[in-house]
1. Out of all the residues in the stretch 714-726, which are more than 13 Å from ALA609 (Cβ to Cβ) and surrounded by fewer than 24 Cβ atoms within 10 Å (Cβ to Cβ)?
2. I need every pair where a residue in the stretch 365-377 that is on the phi > 0 side of the Ramachandran plot has its Cβ under 7 Å from the Cβ of a residue that is near ligand 1 (Cβ under 8 Å from one of its atoms) and open to solvent by less than 10 Å² (accessible area, probe 1.4 Å), sequence separation at least 6 or different chains.
3. Which pairs have Cβ atoms under 6 Å, sit 6 or more apart or on different chains, and link a residue in the stretch 518-541 that is under 12 Å from GLY573 (Cα atoms) to one that is surrounded by fewer than 18 Cβ atoms within 10 Å (Cβ to Cβ) and of a type in the set (S, T, N, Q)?
4. How many residues does the stretch 472-485 hold that are more than 29 Å from SER314 (Cβ to Cβ) and open to solvent by 50 Å² or more (accessible area, probe 1.4 Å)?
5. From LYS378, LYS349, which residue is open to solvent by 10 Å² or more (accessible area, probe 1.4 Å) and either farther than 16 Å from ASP326 by Cβ or more than 15 Å from ligand 1 (Cβ to nearest atom) (or both)?
6. From the list GLY548, GLY570, which residue is buried (at least 17 other Cβ atoms within 10 Å of the Cβ) and among the small types (Gly, Ala, Ser)?
7. Filter the stretch 650-697 down to the residues that are among the basic types (Lys, Arg) and under 15 Å from MET631 (Cα atoms) and list them by number.
8. Just the residues that are touching a Pro at 6+ places or on another chain (Cβ under 9 Å) and either β-branched (Val, Ile, Thr) or open to solvent by 40 Å² or more (accessible area, probe 1.4 Å) (or both), please, taken from the stretch 446-471.
Amino acid sequence: MSKHASSINIDPSDLPIGSSLPILPLHGFVFFPGMGFPLQVKDNSSKQLIDDTLLKDRIFGIITHKEDEGDPNDPNLFDVGVAGYIHKLIKNEDGSYQILVSGIKKIKTREFTQQSPYLQADIKELPMEEAHDKKINALTMNLVERFKELVEITKLPPELIMTMDSLNNPFHIAYLTCSQLNIDTKQEQKILEIVKLTDLLLAVTKKLAERMETIEMSAKIQKTVKSDIDGKQREFYLRQQLAAIRKELGEDNENIDLVDLKERLHDIKLPEDVRTVAEKEMERLSRIPSSSSEYTVSRTYLEWILDLPWKKSSQDFLDIKQAEKDLNKDHYGLELIKKRIIEFLAVRKLKADSHGPILCFSGPPGVGKTSLGQSIAKTMGRKFVRISLGGVRDESEIRGHRRTYVGALPGRIIQSMKKAGTNNPLFMLDEIDKLGNDFRGDPSSALLEVLDPEQNDTFCDHYLDVNFDLSKVMFITTANYLENIPGPLRDRMEVITLSGYTEEEKLNIAKKHLFKRQLTAHGLTRDDLHITDAGFSTIIRSYTREAGVRNLERKMAAVCRVVAKNIVTGKTGKTTVNAKNMVDFLGQIAFFPETSTYSWGPGLATGLAWTPVGGVLLFIEAAMMKGHGTMKMTGKLGDVMKESTAAALTYIKAHAEELGVDEELFSTKDMHIHVPDGATPKDGPSAGVAMVVSLTSLFTDKPVSKDVAMTGEITLRGDVLPVGGVKEKVLAAVRSGITDIILPFLNQKDISEMRDNITEGIDFHFVKKIEEALKVAIPK
Ligand SMILES: Nc1ncnc2c1ncn2[C@@H]1O[C@H](COP(=O)(O)OP(=O)(O)O)[C@@H](O)[C@H]1O
Ligand SMILES: [Mg+2]
């Protein structure tokens, strides 16, 4: 509300005011009779008051609130106020009202008769007698003269002098003077309440004299101070002036968010060099006009600096016993893995600052790599962030773009640090084996820097252009296929291999973890849905084929969705899902036991293969037809696999007699070896044993036992050499209902490392020579 007086042409001071008025509370100043003021009202109740008053006689009461910031709905008002007359109403665009009001009478409230929508009170008019005696004339004239002096020396608007000259009511003269004296509301109110004119004139004269004195005194002080302004103050004044000039030019950047930024910069803890850079940028920012695009660039940069957790760490609370409990709570099984994680954490606890190796969880999808990382973060009390490196080909994705690029941003590492909000999160680099690299620069070299404890305390993001300390971060990486991780990266990691789950493990994970989670996610409870053990096993066996439990979880979600839909559409009671009615929930069976899909006969053998997503059965088919001893190989076989087929044939030719193979076949027949599925590329030497078995079975016309699967590399002499990926291969065999597995003798140790309940019920045949394998595979 403006406090400037303006002269009012209409004189409504003779209007009768009645005995009840709507009351508008004022905050922070006192309205005097004889004054004209523009008032702004915003709240709805005041607006309604104005609307109603305009429809009537335009007169309402204006009374000051006892508190400057009082509650508008609480009529804690002074008793004495003013009756005002509305001359004009302007409705502003923002919905507020601007009214021009003049104070016409002095009033006193007797009683409030209404609280809402606005206050209404019974009032009485307080007299303002215009007695003219000599004393009053003298007091009034003196007041007018001194008031004019005041206007001159304090640079008040010169119109005030004209206004003063136009007044002849001594009350009004006193009130106008009083309103320009900068005295506080309570004192103003006191003046308003004075009844006797002489008392009023004396009181105001005294206040005016006081005011003049203060002004003269402060002028004197200023003079002395000004003469010895030192360099600092001079700079301060110049800056003030500069700011004023900028403001004039419309380059006023001291907007609220700049002030805010400055405050944040002041409060935040930053490394010394970063502070220097940030302050320079702040300085620059306040010189750029906010309309320029540079401004946004500079401001975004500063915000990044301010948002990053340069010095903010979370407190580790690593309790090994608790960690063990936490890991067990979130994950079923994985005993060996958990043990190694606990050991790793224990070492970290002992050597808090140790730049230990970086953990790498390797294994097929859905075996719990990511969720183990989350559990570790939880148990250590660290934030968890994750980026997926799958398909990252560009160094700048890791390290960001220089700020000279339009729309440049920091790289993913720094972005994740901002997300973490602490400088010591657990940072998971997912699918590190899927990093690409091409002409856009090699992201693995940037990662190398991230993961190297010797270098990562000064990690440089191109966008930030100042070093960020990553040394407190705990990195964990994950991979499906270790061979694809660039060598130097792999050297920094301590690999923990997670193999796939057995059916029994999956059953337990499903029952103890996934099911509960899916129920919650679908708003269901155990009273709504029950899946029997046989039901779970059916999902595992007939609706999924995977090493992990991802699809299993998805299929359970699908069951939950059907049940949720049924409930929504009116079904009541508990739904029980078992092996038999699973079809109603998941549709027709998707997977049959692999061996059952082949029409079994001589020439067909079951091999075992390792893939990045787990082990699989690999069927080798051999057939022969009339010809003259050529051999054809199909099924997208790689060179190594073709060579191993050739070696198998050579071995059989060389040992035809012992194997009971008719040698004539080699010149009268053509052979064909096919490995389905034909579209998937396959390679490696580990199918050697299966090749020999398949061909021998073909030539001797004796079928291979359906329950036997095999893996192993062969030599021309018939030795069986060890192979990799044994655990995954065994798991795949178990999944498919195989009961006998032929393995190279030297792979025995892999099996002894596996838990007993996985290998239970499986007969392992460890062989040194191919003859031994043939004996098992082709029972005479
Ligand atoms: N041993 C386990 N116990 C409980 N839940 C598991 C286990 N292994 C995996 N899961 C769950 O399976 C899902 C997939 O696991 P995830 O960590 O994403 O696998 P990955 O990262 O290895 O691909 C997650 O919901 C996870 O919690
Ligand atoms: Mg994952």
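The values are calculated or read from the model by the stated rules, or taken from the named source; none is laboratory data. Small disclaimer: the values here were computed from a predicted structure and weren't measured. Cβ coordinates were reconstructed from backbone atoms using ideal geometry, including for glycine residues, and neighbour counts include every protein chain displayed. The protein model used for the area step is the full one, side chains on, heavy atoms only, and it has no ligands, DNA or RNA in it. Shrake-Rupley method; radii C 1.70, N 1.55, O 1.52, S 1.80 Å.
1. Within the stretch 714-726, THR715, LEU716, ARG717, GLY718, ASP719, LEU721, PRO722 meet the criteria.
2. Within 7 Å, the pairs are GLY366/GLY548; GLY368/LEU498.
3. That search, which allows pairs on different chains as well, returns HIS530/THR576.
4. Matching residues across the stretch 472-485 total 3.
5. The conditions single out LYS349.
6. The conditions single out GLY548.
7. LYS653, LYS669
8. If the condition is that a residue be touching a Pro at 6+ places or on another chain (Cβ under 9 Å) and either β-branched (Val, Ile, Thr) or open to solvent by 40 Å² or more (accessible area, probe 1.4 Å) (or both), then LEU448, HIS462, VAL466, ASN467, ASP469, SER471 are the ones that fit.
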